[in-house]
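The values are calculated or read from the model by the stated rules, or taken from the named source; none is laboratory data. Here the structure is a predicted model, which means the values were calculated and not measured. FYI the Cβ positions are ideal-geometry reconstructions off the backbone, even for glycines, and counts take in every protein chain you see. Just the protein is used for accessible areas: all its heavy atoms, side chains included, with ligands, DNA and RNA removed. Shrake-Rupley method; radii C 1.70, N 1.55, O 1.52, S 1.80 Å.
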Amino acid sequence: MENHSQNGTEAPLKVSTLNCIDLSNPDIHQSVSLLKQACLDCGFFYVINHGISQEFMDEVFAQSKNLFHLPLNEKMKLLRNEKHRGYTPVLDELLDPDNQVHGDYKEGYYIGVEVPEDDPDAEKPFYGPNVWPEDGVVPGWRQTMEKFHHEALEVAKAVARVIALALDLDVDFFDKPEMLGKPIATLRLLHYEGQVSDPSKGIYGAGAHSDYGLITLLATDDVMGLQICRDKDAKPQIWEYVAPIKGAFIVNLGDMLERWSNCIFKSTLHRVLGNGQERYSIAYFVEPSHDCLVECLPTCKSEDNPPKFPPIRCATYLSQRYKDTHAELSVYNNHQT
Ligand code: OGA
Ligand code: NI
């Protein structure tokens, strides 16, 4: 059940107010306190003055459009591989099978950490070479995306330092080699076509889900669409829009951080509703190294509050989550060229 009134008309649009963390603020205590409040409350906040220039963000969005504007047969040549790199067509991903009639009305493009084929690390499930459009198809594309991947990781590390302080850990807790020293970090370009979502019919831009990792940085254009649900167990569920702020990242906590923090910090359910306008967004999913053991933090357990989850290896957890939400690659056999 949704927040619709009895006669079927929409309830007024509710827009969420989120805390805003200014990464250039010299008063770190203030940032920690704002972030902690957001993490305890809804697991979503804005990050501003993060160091990535507006000019460069505009370039990344422009290059994302250039890719999605290619004809479908060109994009299908870049179809994602088993390492989750490359193009994901409309309906490929099904995030909320209980409430969706079919997959999400979005197309996407995954770019991970670039690991050459001859590097022993390329054996690992989320590592390997990326899928890049051939030179000249979208000029300058690879350089733009590699630069963004690199800069976004620095933003993520800066946010993770504030999170560490908010959890009473050492400031560099997430900087260690097994954490974000050798992360699984995935840039995902997203394009929602002008489809109007209809929750009563099970049609969504992106179905309700929480993200899998440590944190996600999200940049969107100015088209409203993202909604969060602060209490997934409420009946009916109440969905609030998150308004885009130019130049800000919307940051949300993922399920691994919820496990790490023994549910003290929340990974919140969110989804995207299409309103008939085309929409572009850019997500940057941040996860620790493959072998990182995600286990209850010492500061988040006590005799009265024992760990709620067993420890789990990062790569094992992630592989399962991707498998649960993406189509089998064999469904695309007819399209492959
Ligand atoms: C996601 C996501 C939101 C958006 O990709 O996990 O929640 O606005 N995206 O595209
Ligand atoms: Ni998400």
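Looking only at region 27-48, decide whether some residue is on the phi > 0 side of the Ramachandran plot and either surrounded by 15 or more Cβ atoms within 10 Å (Cβ to Cβ) or at pLDDT 95 or above (or both). Outline the logic, then answer.
Just the residues of region 27-48 that are on the phi > 0 side of the Ramachandran plot, to begin with: 43.
Checking which are either surrounded by 15 or more Cβ atoms within 10 Å (Cβ to Cβ) or at pLDDT 95 or above (or both) leaves us with 43.
Yes, region 27-48 has at least one match.
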Inset, instruction - Would you mention how many residues in region 254-271 are open to solvent by less than 10 Å² (accessible area, probe 1.4 Å), in a helix (DSSP H, G or I) and within 15 Å of ligand 1 (Cβ to nearest atom)? - result: 2
Legend entry - Residue in region 222-235 that is closer than 28 Å to residue 58 by Cβ, modelled with pLDDT of 95 or more, open to solvent by 30 Å² or more (accessible area, probe 1.4 Å) and not in a loop (DSSP other than H, G, I, E, B) present: no
Legend entry - Matching residues, region 77-105, being open to solvent by less than 10 Å² (accessible area, probe 1.4 Å) and within 14 Å of ligand 1 (Cβ to nearest atom): 88, 92, 103, 104
Inset, instruction - Tell me, please, whether a residue that is under 11 Å from the mean Cα position of the chain (by Cα), in contact (Cβ under 8 Å) with a residue 40 or more places away in the chain and within 13 Å of ligand 2 (Cβ to nearest atom) can be found in region 235-245. - result: no
Legend entry - Of all residues in region 277-313 being more than 19 Å from residue 175 (Cβ to Cβ) and hydroxyl-bearing (Ser, Thr, Tyr), the one that is surrounded by the most Cβ atoms within 10 Å (Cβ to Cβ): 281
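Kindly evaluate residue 135 against the criterion of being surrounded by fewer than 18 Cβ atoms within 10 Å (Cβ to Cβ), among the acidic types (Asp, Glu) and not in a helix (DSSP H, G or I). Quick ask: steps written out before the conclusion?
Details: surrounded by fewer than 18 Cβ atoms within 10 Å (Cβ to Cβ): yes; among the acidic types (Asp, Glu): yes; not in a helix (DSSP H, G or I): yes.
Considered against the rule, which asks whether it is surrounded by fewer than 18 Cβ atoms within 10 Å (Cβ to Cβ), among the acidic types (Asp, Glu) and not in a helix (DSSP H, G or I), residue 135 comes out as yes.
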